[in-house]
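To keep things clear, I will list the structure first and then write my remarks on it.
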Amino acid sequence: QVQLVESGGGLVQAGGSLRLSCAASGRTFSSYAMGWFRQAPGKDREFVAAIGWSQNTHYVDSVKGRFTISRDNAKNTVYLQMNDLKPTDTAVYYCSADRSAPAVVAGSGGYWGQGTQVTVSS
């Protein structure tokens, strides 16, 4: 059983930065792929970024060059550094985990956090 807790969301002006954290509890964290998704009101959940245990990363095109996903296995934590934020980035951001990296990217990961709100003003 794995529990995920997101933090770091907030209100920021366009062009600003935030760093989201996802703290995980449970055994063998380092063997899990981790990902970030987001969902804006009235819109479908959208894949944002993922990182495997090997440090391979993948991003949705809209955040490439602006967002960076990383992980610190010693702290059982995955991060999403978000730079040059835009109003279109406004959403609830969710952390996901699974032993299968493809499952995480597809949005079918076995574990999810409660979400953290990111609001970007223009």
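Among the residues of the range 31-42, count how many are out of contact with any Lys or Arg (no Cβ under 8 Å at 6 or more places or on another chain), surrounded by fewer than 16 Cβ atoms within 10 Å (Cβ to Cβ) and among the small types (Gly, Ala, Ser). Explain how you work it out, then say what you get.
Restricting attention to the range 31-42, the residues satisfying the condition of being out of contact with any Lys or Arg (no Cβ under 8 Å at 6 or more places or on another chain) are 35-36, 40-42.
Filter again for surrounded by fewer than 16 Cβ atoms within 10 Å (Cβ to Cβ), leaving 40-42.
Subset that is among the small types (Gly, Ala, Ser): 40, 42.
Total satisfying the criteria: 2.
Only residues that are surrounded by fewer than 16 Cβ atoms within 10 Å (Cβ to Cβ) and free of Cβ contacts under 8 Å to residues at least 24 places away in the same chain: list them for the range 62-85, please.
LYS64, GLY65, ARG66, SER70, ASP72, ALA74
Considering only the range 62-87, state which residues are in a helix (DSSP H, G or I) and at pLDDT 95 or above.
Let us first name the residues in the range 62-87 that are in a helix (DSSP H, G or I), namely 62-63, 73-75, 87.
Across the range 62-87, the qualifying residues are SER62, VAL63, PRO87.
Tell me which residues, restricted to the range 73-100, are under 10 Å from PHE29 (Cα atoms) and not aliphatic (A, V, I, L, M).
ASN73, LYS75, ASN76, THR77, ASP98, ARG99
Collect the residues in the range 43-60 that are among the hydrophobic types (A, V, I, L, M, F, W, C) and either over 18 Å from MET82 (Cβ atoms) or touching a Lys or Arg at 6+ places or on another chain (Cβ under 6 Å) (or both), keeping them in residue-number order. Can you show your working first?
To start, the set of residues in the range 43-60 that are among the hydrophobic types (A, V, I, L, M, F, W, C) comprises 47-51, 53, 60.
Within the range 43-60, VAL48, ILE51, TRP53 meet the criteria.
If you take the residues of the range 43-61 that are modelled with pLDDT under 95 and not polar (S, T, N, Q), which of them is most open to solvent (accessible area, probe 1.4 Å)? Walk me through how you get there before you give the answer.
The first filter runs over the range 43-61 and keeps only residues modelled with pLDDT under 95, leaving 52-56.
The next check asks that each one be not polar (S, T, N, Q); those that pass are 52-53.
On the way: GLY52: 11, TRP53: 166 Å².
Per the stated criteria, the residue is TRP53.
The values are calculated or read from the model by the stated rules, or taken from the named source; none is laboratory data. None of these values were measured; they are calculated from a predicted model. FYI the Cβ positions are ideal-geometry reconstructions off the backbone, even for glycines, and counts take in every protein chain you see. The accessibility values were calculated without ligands, DNA or RNA, using every heavy atom of the protein model including side chains. Shrake-Rupley method; radii C 1.70, N 1.55, O 1.52, S 1.80 Å.
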